[in-house]
Amino acid sequence: MNALSIKKGTNRKSAYNLKSNYGDEIETHTLAVLVDNEAGVLARVIGLFSGRGYNIESLTVAEVDHEGHRSRITIVTTGTPVVIEQIKHQLERIVPVHEVADLTVEGPSVERELALIKVSGTGEKRVEALRTSEVFRARVVDSTLESFVFELTGTPEKIDAFVNLMRPLGLTDVARTGVAAIMRGS
């Protein structure tokens, strides 16, 4: 069942069901949230999403100001424009939140993700995996006689494309960091 369909006999209370009311398309947005680096803040932010049926596609968190004890939470989420606005307003009301920036609408931004991709295989498949990794500028960070672990940095779409090409070549495991994003320019 996809996020927009409602099966008979179920009472799904999800923000995604707003599409049928407003006719808006589902959009993907990257939000940068500056928060105090203290216990429970991430749980409160996640609770906001889960309690209202909002989806998180990607989530990264790291301290960005050691002296000010502030962290940046980068969230990639999906929803109608109305839902995205609700998410931003509700995030702004959480007490330890200092700033909420919607990088998708505030101007050009740079998004990157790190992935480790394990591919097992021998013979021609092994050689093809190496050739493909060169095209994507993936680095080999571990190698055995039966497998490689590639490190790849890029947009989520680039990583998705590389993973899809590795599937027939012996893809066995993928670990992804989630999106890190920042505004371009001054």
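When region 55-76 is examined, which residues are found to be crowded, with 20+ Cβ neighbours inside 10 Å and not hydrophobic (A, V, I, L, M, F, W, C)? Within region 55-76, R72, T74 meet the criteria.
In region 31-70, of all residues being β-branched (V, I, T) and touching a residue at least 40 places away in the same chain (Cβ under 8 Å), the one that is nearest to G107 (Cα to Cα) corresponds to V33. Listed conditions (1) in contact (Cβ under 8 Å) with a residue 12 or more places away in the chain; (2) outside the structural domain of S50 (by TED's automatic domain parsing); (3) β-branched (V, I, T) are all met by V76, apart from (2). Just one of the numbered conditions (1) under 28 Å from G53 (Cα atoms); (2) surrounded by fewer than 20 Cβ atoms within 10 Å (Cβ to Cβ); (3) of a type in the set (D, E, K, R) is not true of E134: (1). Within the option set G185, G178, being assigned to a loop (DSSP other than H, G, I, E, B) and surrounded by 13 or more Cβ atoms within 10 Å (Cβ to Cβ) holds for one residue only, G178.
With respect to T132, is the statement that it is in contact with a helix residue (DSSP H, G or I) (Cβ under 8 Å, 6 or more places away or on another chain), hydroxyl-bearing (S, T, Y), farther than 24 Å from G185 by Cα and at pLDDT 95 or above true? Yes; evaluated as a whole, the condition is true for this residue.
Out of curiosity, is A115 buried (at least 18 other Cβ atoms within 10 Å of the Cβ), touching a strand residue (DSSP E or B) at 6+ places or on another chain (Cβ under 8 Å), among the aliphatic types (A, V, I, L, M) and closer than 21 Å to S58 by Cβ? Considered against the rule, which asks whether it is buried (at least 18 other Cβ atoms within 10 Å of the Cβ), touching a strand residue (DSSP E or B) at 6+ places or on another chain (Cβ under 8 Å), among the aliphatic types (A, V, I, L, M) and closer than 21 Å to S58 by Cβ, A115 comes out as yes. Pairing each residue of region 80-104 that is surrounded by fewer than 16 Cβ atoms within 10 Å (Cβ to Cβ) with any residue that is of a type in the set (A, V, I, L, M) and in a loop (DSSP other than H, G, I, E, B), provided the two are 6+ apart or on different chains, yields no C-beta distance under 8 Å.
What is the residue count in region 50-76 for residues that are among the β-branched types (V, I, T) and either farther than 17 Å from E99 by Cα or part of a helix (DSSP H, G or I) (or both)? Looking only at that region, the number is 1.
Considered as a group, the residues in region 143-159 that are in contact (Cβ under 8 Å) with a residue 24 or more places away in the chain and among the charged types (D, E, K, R) include one that is farthest from V174 (Cα to Cα), and that residue is E146.
The values are calculated or read from the model by the stated rules, or taken from the named source; none is laboratory data. Nothing here was measured: the structure is a model prediction, and the numbers come from that model. Ideal geometry is used to build each Cβ from the backbone, glycine not excepted, and the neighbour counts take in all protein chains shown.
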